[in-house]
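Some notes on the structure that comes next.
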Amino acid sequence: MKLKATLSGLLTIVSFLILPFLSSSQVLLEANGKGHTYELIDSALAPGAHAEETPDQCTNHPQFGRHIREVWDETLKQWVFEFVIHATIDNDRCENFDRQRVEIKSYEPSPDSLKGTPGETITYRWRFRLPTDFQPSPSFTHIHQIKCVGGDDGEPLFTLSPRYGKNGFNTLQLIYRADKKAPTSILQAVSLGSFLGTWVEATEVITVGAKGSYSISIKKISNGKILLSYNTDNIKTFREDNSFIRPKWGIYRSLNNVSYLRDEAIRFNSFYIYETPATAYKSK
């Protein structure tokens, strides 16, 4: 009887400790070098659908093929994703010609576990490397977006955006827009030079809601040095008429100042999404 009571107590403790995690969902997307790149991305972010937005099928250079490929990275000693964009050829999905886009995303066909809804807390973690000679422009260039879906969804909530600056002082900006009536604000801006030619890891945590929380930290993988950091526990991360929020990664840029741009190849890998449902930690 004493043994049964002890085992019962242990099971209760173990259940208490692991149930919150069993109530959560997580996805890890890493390149594997097998050549089925889009299929691999789709299997993680949008099973049965297509998670890529690219100019692959445009008539101006269909011979190039897929704009996201897998390459071996000598620094990380592993396969990684490389997003390729051409300054004077590519456009936005053969639809818009004043901008261009090579991105991956979660969206409507994605599992519910990849859609942020009020009360949920989502952690996004990923690695990226900008080329040593990466060139931003005075117009927008986004390498990460948190987008809304449904209702007021025209402008992203958050973006990471390299931006050209006068006198050669280019920056990486964390940009925020609460809704279409609110002005765009720069929450953080740091020297872009620190990010060029080096692998970094970004960790972004969002509690979804009209009064939500947001944090992001980007560190160098080689030595752990923090290059960008921001956090707040009082910020709108969901607009009233939205259905959900979702992430995008890649390169999305304006062609209004194309003379500043060049062909780019940005490397990404180790996309990790961990979602804690609103009910996971409710008290009894």
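Okay, here's what the table says:
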{"read-out": "3J(HN,Hα) from dihedral phi, segment 199-204, Karplus parametrisation 6.51/-1.76/1.60, rounded to Hz, x for glycine, proline", "value": "7, 10, 10, 9, 10, 10"}
{"read-out": "Lys/Arg +1, Asp/Glu -1 at C-beta; the chain dipole; positive extreme among ILE89, THR132, THR37", "value": "THR132"}
{"read-out": "3J(HN,Hα) from dihedral phi, segment 180-187, Karplus parametrisation 6.51/-1.76/1.60, rounded to Hz, x for glycine, proline", "value": "5, 8, 8, x, 6, 10, 9, 7"}
{"read-out": "Pairs from LYS147/LYS236; LYS77/LYS220; LYS34/LYS220; LYS34/LYS77 whose Cα-Cα separation, in the structure shown, is over 24 Å", "value": "LYS34/LYS220"}
{"read-out": "Neighbour-count order for HIS142, HIS50, fewest beta carbons within 10 angstrom listed first", "value": "HIS50, HIS142"}
{"read-out": "Sorted peptide list for 194-206, 225-237, criterion being average Cβ within 10 angstrom, highest first", "value": "194-206, 225-237"}
{"read-out": "GluC sites (Glu not before Pro) within segment 218-277: DSSP coil, no more than 12 neighbouring Cβ in 10 Å", "value": "GLU240"}
{"read-out": "Chymotrypsin sites (Phe, Trp or Tyr not before Pro) lying in DSSP loop within segment 153-194, provided at most 12 other Cβ fall within 10 Å", "value": "PHE169"}
{"read-out": "Estimated [θ] at 222 nm from DSSP helical runs (n ≥ 4, -39500 (n - 2.57)) normalised by residues in the chain, nearest 500", "value": "-3500 deg cm²/dmol"}
{"read-out": "Charged-residue dipole, Cβ positions (Lys, Arg, Asp, Glu), segment 26-276 about Cα centre, Debye nearest 20", "value": "780 debye"}
{"read-out": "Spatially proximal aspartates and glutamates relative to LYS225 (Cα-Cα < 13 Å; intrachain offsets below 8 disregarded)", "value": "GLU201"}
{"read-out": "All aspartates and glutamates inside 13 Å of LYS180 as judged from Cα atoms, apart from same-chain residues fewer than 8 positions distant", "value": "ASP152, ASP153, GLU155, GLU240, ASP241"}
{"read-out": "Mean Cβ neighbour count within 10 Å, used as a protection proxy, ranking 59-69, 213-223 highest first", "value": "213-223, 59-69"}
{"read-out": "Karplus (6.51, -1.76, 1.60) ³J(HN,Hα), θ = phi - 60°, over segment 93-109, in Hz, Gly and Pro reported as x", "value": "6, 6, 10, 10, 10, 9, 7, 8, 8, 9, 9, 10, 7, 9, 6, 3, x"}
{"read-out": "Segment 199-259 and segment 39-115: distance between their alpha carbon centers, rounded to Å", "value": "19 Å"}
{"read-out": "Directionally averaged shadow of the chain, computed from the convex hull of its alpha-carbon atoms, nm²", "value": "18.6 nm²"}
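Here, each number is a calculation from the coordinates, and none is a lab measurement. Computed from a predicted model, the values in this text were never measured in an experiment. Positions of Cβ are backbone-derived with ideal geometry, glycine not excepted, and every protein chain shown enters the neighbour counts.
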